[in-house]
Structure formats: structure tokens, C-alpha cells
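Enquirer: Starting off with a structure, shown below.
The values are calculated or read from the model by the stated rules, or taken from the named source; none is laboratory data. It should be emphasised that the depicted structure is a prediction, and the values quoted were computed from it without experimental measurement. We place every Cβ from the backbone using ideal geometry, glycine too, and count neighbours over all the protein chains shown.
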Amino acid sequence: MKIKSLIVASLAAVSFAAPAFAGETTVSYNVGAASDYIWRGISQTNSDPEIFAGADISSGPLYAGIWGSNVGFAAGTEVDLYAGFKPTLGPVTFDLGILSYNYPGEGSTWNAVEYKAGISGNAGPVALSFTDYYNTGAYNYYEAAASAPFGKAKVGPFALSGSATFGKYVYVGTAKDYTNYKLAVTGTAENGVAVEVGFTDTNLSRADYTPYKDVKGRAYLLLKKNF
């Protein structure tokens, strides 16, 4: 209850604290579908398709949002809440936030909270970031990412870019640490439609992880519309 109250307070902070920061308040939405819901290298839908939707609000450096998807475990639904603060210092942007992963109908069995501390910037056309996600008493998840446009390359209305992500779980206790990576090519149109094709893998075997989530390397296709 204390953790959920903290999440609600974090989400409310965007509305109440916004007047203290310069910047226009914006609201955006997204919907999409994917051939698989792959999160940090592991399928969350038992290799089945995913449908998702979300909404975000931001004002100056403050942001908050909600996102939901089907999953292949718990009661079949995931709803995430998140909020944070992204101040900029020169060419560097920091990201301090909190994320709540919720699985309605399953009580607190699957629910989790992460605290996020990240830093990002650009090296020429390449966007770089490093983020630590911390779950109290359970793990740290470190993620490094890089992305860049392919010059002026386009396929029809889609401007092309590429990205690479590498992540590592470091667990407290006996859980097995593991690494994962993702390579992707994304096409983005001016109307907010994006198409992503990628490949992801981990250094886990199926024997290392619970059977309801697939850990083998696989390609995926994702379609998304931003409003």
C-alpha cells in the first residue's frame, strides 16, 4: 500500500509541480502491436503476439505515464505506471524516475517497483544513454543504448534509423545474473506511424529460467502509432 501511494504521488506531481517549471504541458498517446512482447530479452507472451497502448503527460522536465499490454502469465494483463524528472545540464540529460509494474487479478505476487537513474546525450548524430533500474533488495538492471539515423535513407514515407541495446541483470541472492542485447532498424513516418524490425537474445538457456517465458534468440516485428 505504501508503494502504491508513492506511485500515485509521483504521477500527481506532474500536475501539481508543473507551474514551477518552464515548459508547455503536452499529452501524447500510443497504440501498437508486435509479433512478440520481448522485455529485456525474454518473451512475456510465450512467443505469442502483443497488443499495447499507453498515454504520457509532460511539463518541462516532469513526466508521467501509463502503459498496458497482454502477457502470457499472471492473469494475462500488465499495467505499468511511471513518473520522473528529466533535468538538462548542458549537453547531458538526466532521468530520475519510478516505475510500477502491475498485474491486475494476481494481488502482489507479480507486482514490482523499480527506481531509475539515467544519463543521456549525443555524440554527433548518435544518441547514447546509460540507465540503472533498481529494485530494492532484489536486483540492479543496467542498460546501455545507442541509436542513430541512417543519414537521409528512407523506404517510402519511413525515415530509417538503427539502434543497439545491451542490458545486464545483477541479482541479490541466488537468482542467475544474465545479459541480453537487441539490434533493431526502425522506420518512422511523419504521421507518427513507426515500424521496427529487430533481433534480441540472452545468454540464458531455457533451463535457467521459468518455462512460461521464452529466452531463446528471436526476430520480431513491431508496429506503433503515436498521437
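Enquirer: When you scan the range 91-166 for strands (runs of 3 or more DSSP E) that lie fully inside it, which ones turn up with 1 or more residues that are without any contact (Cβ under 8 Å) to a residue 12 or more places away in the chain? Walk me through it before giving the result.
Expert: Working: elements: 92-102, 112-123, 126-135, 139-155.
So the answer is 112-123, 139-155.
Enquirer: What's the number of the only condition in (1) in contact with a Leu (Cβ under 6 Å, 6 or more places away or on another chain); (2) surrounded by fewer than 17 Cβ atoms within 10 Å (Cβ to Cβ) that Y178 fails to meet?
Expert: If we test Y178 against (1) in contact with a Leu (Cβ under 6 Å, 6 or more places away or on another chain); (2) surrounded by fewer than 17 Cβ atoms within 10 Å (Cβ to Cβ), just (2) comes out false.
Enquirer: Okay, moving on. Within the range 197-219, can one find any residue that is of a type in the set (F, W, Y), over 18 Å from the mean Cα position of the chain (by Cα) and under 29 Å from F73 (Cα atoms)? Step through it out loud before you land on a result.
Expert: Step one: list which residues in the range 197-219 are of a type in the set (F, W, Y), which gives 199, 209, 212.
Narrowing the set further to residues that are over 18 Å from the mean Cα position of the chain (by Cα) leaves 209, 212.
Remaining after also requiring under 29 Å from F73 (Cα atoms): 209, 212.
So far as the range 197-219 goes, yes, one or more of its residues are of a type in the set (F, W, Y), over 18 Å from the mean Cα position of the chain (by Cα) and under 29 Å from F73 (Cα atoms).
Enquirer: Also, quick follow-up: Would you mention how many residues in the range 41-73 are modelled with pLDDT under 95 and not in a loop (DSSP other than H, G, I, E, B)?
Expert: 2
Enquirer: What is the residue count in the range 81-90 for residues that are surrounded by 15 or more Cβ atoms within 10 Å (Cβ to Cβ) and either under 15 Å from the mean Cα position of the chain (by Cα) or part of a strand (DSSP E or B) (or both)?
Expert: Kept after step one, since they are surrounded by 15 or more Cβ atoms within 10 Å (Cβ to Cβ), are these residues of the range 81-90: 81-86.
Cutting the leftovers down to either under 15 Å from the mean Cα position of the chain (by Cα) or part of a strand (DSSP E or B) (or both) gives us 81-85.
Qualifying residue count for the region: 5.
Enquirer: For the range 94-132, what are the residues that are closer than 25 Å to A146 by Cα and over 19 Å from the mean Cα position of the chain (by Cα)?
Expert: Of everything in the range 94-132, those that are closer than 25 Å to A146 by Cα and over 19 Å from the mean Cα position of the chain (by Cα) turn out to be N122, A123, G124, P125, V126.
Enquirer: Also, I was wondering about something else. Inside the range 172-227, counting only strands (runs of 3 or more DSSP E) that do not spill past its ends, which hold 3 or more residues that are basic (K, R)? Working first, answer last.
Expert: Working: elements: 178-188, 193-202, 218-226.
Of the strands (runs of 3 or more DSSP E) lying wholly inside the range 172-227, those with at least 3 residues that are basic (K, R) span 218-226.
Enquirer: If you don't mind, there's one more thing I want to ask. Before we move on, is K182 under 21 Å from N46 (Cβ atoms) and touching a strand residue (DSSP E or B) at 6+ places or on another chain (Cβ under 6 Å)? Let's see the steps before the verdict.
Expert: Working: under 21 Å from N46 (Cβ atoms): yes; touching a strand residue (DSSP E or B) at 6+ places or on another chain (Cβ under 6 Å): yes.
Against the criterion (under 21 Å from N46 (Cβ atoms) and touching a strand residue (DSSP E or B) at 6+ places or on another chain (Cβ under 6 Å)), K182 qualifies.
Enquirer: Is at least one residue of the range 18-35 hydrophobic (A, V, I, L, M, F, W, C), closer than 20 Å to E143 by Cβ and either surrounded by fewer than 18 Cβ atoms within 10 Å (Cβ to Cβ) or modelled with pLDDT of 95 or more (or both)? Spell out the reasoning first.
Expert: Pass one, the range 18-35, residues hydrophobic (A, V, I, L, M, F, W, C): 18, 20-22, 27, 31, 33-34.
Now drop any that are not closer than 20 Å to E143 by Cβ, which leaves 34.
Restricting the remaining residues to those that are either surrounded by fewer than 18 Cβ atoms within 10 Å (Cβ to Cβ) or modelled with pLDDT of 95 or more (or both) gives 34.
Yes, the conditions are met somewhere in the range 18-35.
Enquirer: Scan the range 210-226 residue by residue and report those that are modelled with pLDDT under 95 and surrounded by fewer than 16 Cβ atoms within 10 Å (Cβ to Cβ). Steps first, answer last, please.
Expert: Taking the range 210-226 as the starting set, the residues that turn out to be modelled with pLDDT under 95 are 210-218.
Result: T210, P211, Y212, K216, G217.
Enquirer: Select from the range 143-154 the residues that are surrounded by 14 or more Cβ atoms within 10 Å (Cβ to Cβ) and either more than 13 Å from the chain's Cα centre (by Cα) or at pLDDT below 95 (or both) and list them in ascending order. Explain how you work it out, then say what you get.
Expert: In the first step, residues of the range 143-154 are kept if they are surrounded by 14 or more Cβ atoms within 10 Å (Cβ to Cβ); the result is 143-150.
Scanning the range 143-154 gives A146, S147, A148, P149, F150.
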